[in-house]
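Participant: Sharing a structure below in structure tokens format, with a few things to ask.
The values are calculated or read from the model by the stated rules, or taken from the named source; none is laboratory data. Bear in mind that the values here come from a model prediction, so they are computed numbers and not experimental data. Backbone-built Cβ (ideal geometry, glycine too); neighbour counts: all protein chains shown.
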């Protein structure tokens, strides 16, 4: 596969101040990319941009993935600042580990709106810029797109939706020379995972993140993200060994459920989730 050098590329990242966003920004900057940092808190973005080298190579704009107007304004200003946008990484995301019968519906809708609709809005706002450069769009999905855990209905639905969105959009944009990819990491350590680790689901549903549910290092996820862009990949799992799970979800789903989810422990986790709602 032909390489897509990152030196001098202008890359926009939503969720830039999050755990993955920060690490990815540094790795992309190390490759020579110029960075458009998008998130809710402009002050945090400004500090981050300065640490990455200042306005000639990194700059921040406040943007909310729940607002298409916010994204359109931020990307327009960023394109004016840097002259173009080559790549957009849709990295903003949230989680909620609660059984559907207990979850507040506003929380369910928020997860879908940020994780799935937010990617759609981000890509919609970005399309004119990447079309002009025959660029690349990358969505941070999850192995949850293929492995559908209990107590994770909103999250798994959103991440499966992101995978499907990318597959459809790739067909729409290939005539313009634009690539579209999805990144599917397993569990990795970020601030978003703190509530999961300390809640009952970590032990009852995911075996305290041991065995098949073990964490991978953040560095491996970042390396996968960078490679996705450099190779303009359609799909990548982290670790790579889980690629078969992504390629054959229907074939392996029953086996994974049998191996990974003890019925008694799941029942207890569902009960406890009503007492430990993670917003």
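Participant: With the structure loaded, tell me whether residue 119 is within 21 Å of residue 39 (Cβ to Cβ), surrounded by 24 or more Cβ atoms within 10 Å (Cβ to Cβ), within 16 Å of the chain's Cα centre (by Cα) and at pLDDT 95 or above or whether it fails that test. I'd like the intermediate steps shown before the answer.
Facilitator: Details: within 21 Å of residue 39 (Cβ to Cβ): yes; surrounded by 24 or more Cβ atoms within 10 Å (Cβ to Cβ): yes; within 16 Å of the chain's Cα centre (by Cα): yes; at pLDDT 95 or above: yes.
Considered against the rule, which asks whether it is within 21 Å of residue 39 (Cβ to Cβ), surrounded by 24 or more Cβ atoms within 10 Å (Cβ to Cβ), within 16 Å of the chain's Cα centre (by Cα) and at pLDDT 95 or above, residue 119 comes out as yes.
Participant: What are the residues in the range 134-146 that are farther than 17 Å from residue 184 by Cβ and crowded, with 17+ Cβ neighbours inside 10 Å, if any?
Facilitator: Restricting attention to the range 134-146, the residues satisfying the condition of being farther than 17 Å from residue 184 by Cβ are 134-135.
Within the range 134-146, just 135 meets the criteria.
Participant: Go through the range 199-243 and report how many residues are in contact (Cβ under 8 Å) with a residue 60 or more places away in the chain, assigned to a helix (DSSP H, G or I) and in contact with a strand residue (DSSP E or B) (Cβ under 7 Å, 6 or more places away or on another chain).
Facilitator: Residues flagged as in contact (Cβ under 8 Å) with a residue 60 or more places away in the chain, assigned to a helix (DSSP H, G or I) and in contact with a strand residue (DSSP E or B) (Cβ under 7 Å, 6 or more places away or on another chain) within the range 199-243 amount to 5.
Participant: Failed condition for residue 156, given (1) in contact with a helix residue (DSSP H, G or I) (Cβ under 9 Å, 6 or more places away or on another chain); (2) touching a residue at least 40 places away in the same chain (Cβ under 8 Å), with all others met?
Facilitator: It is condition (2) that residue 156 fails.
Participant: From 28, 40, which residue is buried (at least 21 other Cβ atoms within 10 Å of the Cβ) and within 20 Å of residue 123 (Cβ to Cβ)? Even if it seems obvious, please write down each step before you answer.
Facilitator: On the way: 40 fails: buried (at least 21 other Cβ atoms within 10 Å of the Cβ).
Going through 28, 40 in turn, the sole match is 28.
Participant: Could you look through the range 74-120, keep only residues that are touching a strand residue (DSSP E or B) at 6+ places or on another chain (Cβ under 7 Å) and part of a loop (DSSP other than H, G, I, E, B), and pick out the one that is nearest to residue 268 (Cα to Cα)?
Facilitator: Among them, the one singled out is 93.
Participant: Among the residues of the range 187-198, is there at least one that is at pLDDT 90 or above, surrounded by fewer than 23 Cβ atoms within 10 Å (Cβ to Cβ) and either part of a loop (DSSP other than H, G, I, E, B) or touching a strand residue (DSSP E or B) at 6+ places or on another chain (Cβ under 7 Å) (or both)?
Facilitator: Here is the first cut: in the range 187-198, the residues at pLDDT 90 or above are none.
Within the range 187-198, not a single residue is at pLDDT 90 or above, surrounded by fewer than 23 Cβ atoms within 10 Å (Cβ to Cβ) and either part of a loop (DSSP other than H, G, I, E, B) or touching a strand residue (DSSP E or B) at 6+ places or on another chain (Cβ under 7 Å) (or both).
Participant: Condition test on residue 164, is it outside any loop (DSSP other than H, G, I, E, B), modelled with pLDDT of 95 or more and surrounded by fewer than 24 Cβ atoms within 10 Å (Cβ to Cβ)? I'd like the intermediate steps shown before the answer.
Facilitator: Working: outside any loop (DSSP other than H, G, I, E, B): yes; modelled with pLDDT of 95 or more: no; surrounded by fewer than 24 Cβ atoms within 10 Å (Cβ to Cβ): yes.
Considered against the rule, which asks whether it is outside any loop (DSSP other than H, G, I, E, B), modelled with pLDDT of 95 or more and surrounded by fewer than 24 Cβ atoms within 10 Å (Cβ to Cβ), residue 164 comes out as no.
Participant: In the range 52-69, is there at least one residue being surrounded by 15 or more Cβ atoms within 10 Å (Cβ to Cβ), out of contact with any strand residue (DSSP E or B) (no Cβ under 9 Å at 6 or more places or on another chain) and over 19 Å from residue 114 (Cα atoms)?
Facilitator: No.
Participant: With more than 18 Å from the chain's Cα centre (by Cα), modelled with pLDDT under 75 and over 15 Å from residue 149 (Cβ atoms) as the only criterion, which of 251, 171 stands out? Step through it out loud before you land on a result.
Facilitator: Working: 171 fails: modelled with pLDDT under 75.
Going through 251, 171 in turn, just one is more than 18 Å from the chain's Cα centre (by Cα), modelled with pLDDT under 75 and over 15 Å from residue 149 (Cβ atoms): 251.
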